[in-house]
Amino acid sequence: MKLIIRLMTAALGMALTVSCCQAPKSEGPVYLDDSQPMEARVEDALSRMTLEEKVKILHAQSKFSSAGVPRLGIPELWTTDGPHGIRPEVLWDEWDQAKWTNDSCVAFPALTCLAATWNEDMSALYGKSIGEEARYREKDVLLGPGVNIYRTPLNGRNFEYMGEDPYLASKMVVPYVQEVQKNGVAVCVKHYALNNQEARRHEYDAIVDDRALYEIYLPAFKAAVQEGGAWSIMGAYNFYKGQHACHNQYLLNDILKGEWGFDGVVISDWGGTHDTDQAITNGLDLEFGTWTNGLNSSSSNSYDTYYLADPYLERLRIGAASEDILNDKVRRVLRLIFRTAMNNDKPAGSMCSPEHDEAARQIAGEGIVLLKNDNDVLPIDLASAKKIAVIGENAIKMMTVGGGSSSLKVKHECTPLEGIKAAVGDNAEIVYERGYVGDVTGDYNGVVTGQDLSESRSEAKLIEDAVAAAKDADAVIFIGGLNKASHQDCEDSDRYHLELPYAQDKVIAALAEVNPNLTVVIVSGNAVAMPWVDKVNGVVEAWFGGSQAGNALADVLFGKVNPSGKLPFTFPVKLEDNGAHALNAYDPEDLTVEYKEGIFVGYRWADKQKVKPLFAFGHGLSYTDFSYGDAVCRKPSVKAGSDVTVSIDVTNTGDVAGKEVVQLYIGDNESALVRPVKELKGFRKIALNPGETKTVTFTIEPDMLKYFDDAKHGWVLENGKFTAYIGAASDDIRSQVEFEVK
Ligand code: GLC
């Protein structure tokens, strides 16, 4: 009895303690009380706002900010580029630098590199780190990540996106979104949708059948919204079904807000808004960057005359626009403000920390793809190599400046040559030769690299000097690729061809003639042609690696990191091996872009046409070897609606530890509508010590077997036989097993 009384007394005491210490409700209005439910705060704030205040928060007030409600203490929203790091401050209404001295950042690797890690933990680390930098800089909306699907190797902004496969992009975007937003910073997933090229980006009308739209181009956005919980989405510049994507009934109202239940804000791309009535009724919530006709941008009142500014207010005042639609937009923007600027639970954030440099290095190192390694030319053994020749402009050229709106001002960028020198120390002599001249500029909107890349030697002399340096070297590392200059992986300019620009192919061929211990490192965000590939023993795709690019590359070249990246898109031998180009469905001059290849994008096209790629989607080598057992499907026949599990043993048969990305593809053996031979439906990155075996088990859920039936406008699961293919790449299937859905 005594015990019961004591327990009751203790409980009562606790209750009293808790109640008397519970934070007292703030006396102020509900919207200011962040212990109140979000929707109560939204409704309370909405009810206090005047018509003018409601309209004012639906458009920009400066280049990167939109208004709050000063009278109510509701703060303005500050947005920032970009997907790879936090852009330096610009002037109020300019693209040019504000010349602050405290806004240098860490540049994380480009998103193709993140996708190439095939490691969701890296995506989480990326989102956490870049979210902390945005938070520290007091930014509320990060204008990224981009998840437009890689349709053509010529798209100037592929480096900002996550490759050709909707499943890979869907899996890799979610942790980035979740971790950024844990900082009280919203992502703004872009560019929704069908912005798969830069050519005529403001004008072209994308003609896409519903199967390709739903199976290829929308899934990553849907995952970002439904699994990631994205708080904002950026409309694309292009048209779809004759309406600009920034105010598009189909994409924004029917699909995003209707089918997917998106409760966040649709933000226009900068200059993507073109019509007041369409902006009102077709789903735009927040207008940025408009250069409207009859307006001088940066004139004193230019923001008042935005499409969702005075013209909108006029329509409301005369009853020519719906108050309900207005209030829906305002609720969404208020929700965004409460989630970010008025979120009092935000962590502190951090900037340019050692942890962020380490994260950048780790992600870059996990994303680097070892494409070819004949005669074990890699890793370079520093115990024996006495002279190392480093050739190529991309060994020294900074890559964090340029490329468009993702351009950054970094605290420091470790270039490949710097990274190689740091790793080699005095173990070997390093000689450097330029080899070719690419792009000598180094500035974007006033951020300058400060590098002097001027060169007086002729093309022939440069090659002669490179060959002379390489001839007697123990190892030769050529570092080239693209460089984010105009038409070389850059916003608003697609590439003109698949080949490497400048004299790079000549230099590589000349080096291969004189030294077999040659590795070619491609720094790019896109596939490139490699006419010399049979003459070169080592080929590495190093991506745009960010602030730690050089250290990450050196970690791999000298074996400190065993490469584990896999290609997130196909490297075709030639442009015509790509579906859009084979069907002449990409022409930079066309104002109508018909996606004639439909769902057959990337490896889906290669499988269908039996075209052998230069390097396949999912391809990536290691310094060790992995063997695969037989795929086992315990229940090869299941009722419709049940899961199927497939397992396989993977063993590290080499003598160094490594990571392997085990890939699951599924093929529908017979279907009413045409389907790809196989589609990626699972992947697992596993670490294995020498001799170690792990069993990888995939659970195949019914949704993973469905295709989108455009006639029914819905996802369909047909009974019948399927094949599970498990392998190390889309063209390297190690085992397969059939199963049936009854
Ligand atoms: C640009 C880009 C977009 C960027 C925005 C702000 O035109 O398309 O990705 O976030 O404008 O710089």
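The values are calculated or read from the model by the stated rules, or taken from the named source; none is laboratory data. Fair warning: this is a prediction, and the values are worked out from it, not measured in the lab. Reconstructed Cβ throughout: ideal geometry from the backbone, glycine too, with neighbour counts over all protein chains shown. These accessible areas exclude ligands, DNA and RNA; they are computed on the full protein's heavy atoms, side chains included. Shrake-Rupley method; radii C 1.70, N 1.55, O 1.52, S 1.80 Å.
Here are some notes:
- With the charge dipole of the chain set up from +1 on Lys and Arg Cβ and -1 on Asp and Glu Cβ about the Cα centre, the Cα lying farthest toward the positive end among the listed residues Gly579, Asn195, Leu143 is that of Leu143.
- Projecting the Cα atoms of Ala512, Pro416, Phe722 onto the dipole axis of the chain, where Lys and Arg carry +1 and Asp and Glu carry -1 at the beta carbon, places Phe722 farthest toward the positive end.
- DSSP-defined beta bridges in the chain - what % are antiparallel, rounded to 5: 60 percent
- Here segment 683-730 exposes an accessible surface that is 46 percent carbon and sulfur, computed with a 1.4 Å probe and the other protein chains kept in place.
- Rg to Rh, two decimals, where segment 625-741 supplies the alpha carbon set and Rh follows Kirkwood: 1.03
- Note on the chain: along the principal axes its Cα atoms extend 78, 69, 66 Å, ordered by decreasing extent.
- Other residues with beta-carbon under 12 Å from the beta-carbon of Asp121 carry, at +1 per Lys or Arg and -1 per Asp or Glu, a net charge of +2.
- Anchor Lys566: aspartates and glutamates whose Cα lies under 13 Å away (excluding residues fewer than 8 positions away in-chain): Glu164, Asp165, Glu366, Glu541, Glu660, Asp731, Asp732
- Summing Cβ point charges (Lys, Arg +1; Asp, Glu -1) relative to the Cα centre of segment 47-339 gives a dipole of roughly 420 debye.
- Farthest toward positive dipole pole in the chain [+1 Lys/Arg, -1 Asp/Glu at C-beta], among Leu252, Val42, Gly550: Val42
- Rolling a 1.4 Å probe across the protein heavy atoms gives the chain an accessible surface of 36 Å² per residue.
- Orientation-averaged projection of segment 564-681 equals 10.3 nm² [convex hull of Cα atoms, one quarter of hull surface area].
- Total formal charge among the other residues, if their Cβ is under 12 angstrom from that of Val737, Lys/Arg +1 and Asp/Glu -1: +1
- The helix-based estimate of mean residue ellipticity at 222 nm for the chain, built from -39,500 (n - 2.57) per DSSP H run of four or more residues and divided by its residue count, is -7500 deg cm²/dmol to the nearest 500.
- Within segment 354-567, DSSP assigns beta bridges of which about 25% are antiparallel (rounded to the nearest 5).
- Amide H to amide H distances under 5 Å link Gly402 with Ser407, Leu408, where only residues 5 or more positions off or on other chains count and H is placed in the peptide plane.
- Under-5 Å amide H pairs with Lys241, H placed in peptide plane, nonlocal only: Ala206
- Percent accessible area from carbon and sulfur atoms, segment 112-260, protein chains only, probe 1.4 Å: 45 percent
- Segment 354-567 - convex hull of alpha carbons, volume per residue in Å³: 118 Å³
- The Rg/Rh ratio for segment 47-339, using Cα coordinates for both the radius of gyration and the Kirkwood hydrodynamic radius, is 0.95.
- Shown in residue order for segment 720-731 are the 3J(HN,Hα) couplings computed by the Karplus curve 6.51 cos²θ - 1.76 cosθ + 1.60 at θ = phi - 60°: x, 8, 10, 10, 9, 9, 10, x, 9, 5, 5, 10 Hz (x for Gly and Pro).
- Derived scalar couplings ³J(HN,Hα) [segment 258-266; Karplus, 6.51 cos²θ - 1.76 cosθ + 1.60; whole Hz; x for Gly, Pro]: x, 5, 9, x, 5, 10, x, 10, 8
- Whole-Hz ³J(HN,Hα) from phi, Karplus 6.51 cos²θ - 1.76 cosθ + 1.60, for segment 228-245, glycine and proline x: x, x, 4, 8, 8, 9, 9, x, 8, 7, 5, 8, 9, 6, x, 10, 4, 5
- Longest to shortest principal axis, alpha-carbon extents of segment 292-450, angstrom: 82, 41, 30
- The chain: angle of helix 354-367 to the longest principal axis, Cα-based, in degrees nearest 10: 60 degrees
- The distance separating the Cα centre of segment 339-418 from that of segment 81-158 comes to 14 Å.
- 5 angstrom amide H check on Lys190, placed H, neighbours 5+ away: Gly146, Val147, Met234
- Simple point charges give the picture: +1 on the Cβ of Lys and Arg, -1 on the Cβ of Asp and Glu, and for segment 625-741 a dipole about the Cα centre of about 260 debye.
- Using C-alpha pairs below 8 Å separated by at least 6 residues, the relative contact order for the chain is 14 percent.
- Only Lys, Arg, Asp and Glu carry charge here, each on its Cβ (+1 for the first two, -1 for the last two); on that basis the chain has a dipole of about 1720 debye about its Cα centre.
- One way to sum up the overall shape of segment 240-344 is the equivalent ellipsoid from its Cα gyration tensor, whose semi-axes run 21, 17, 15 Å, largest first.
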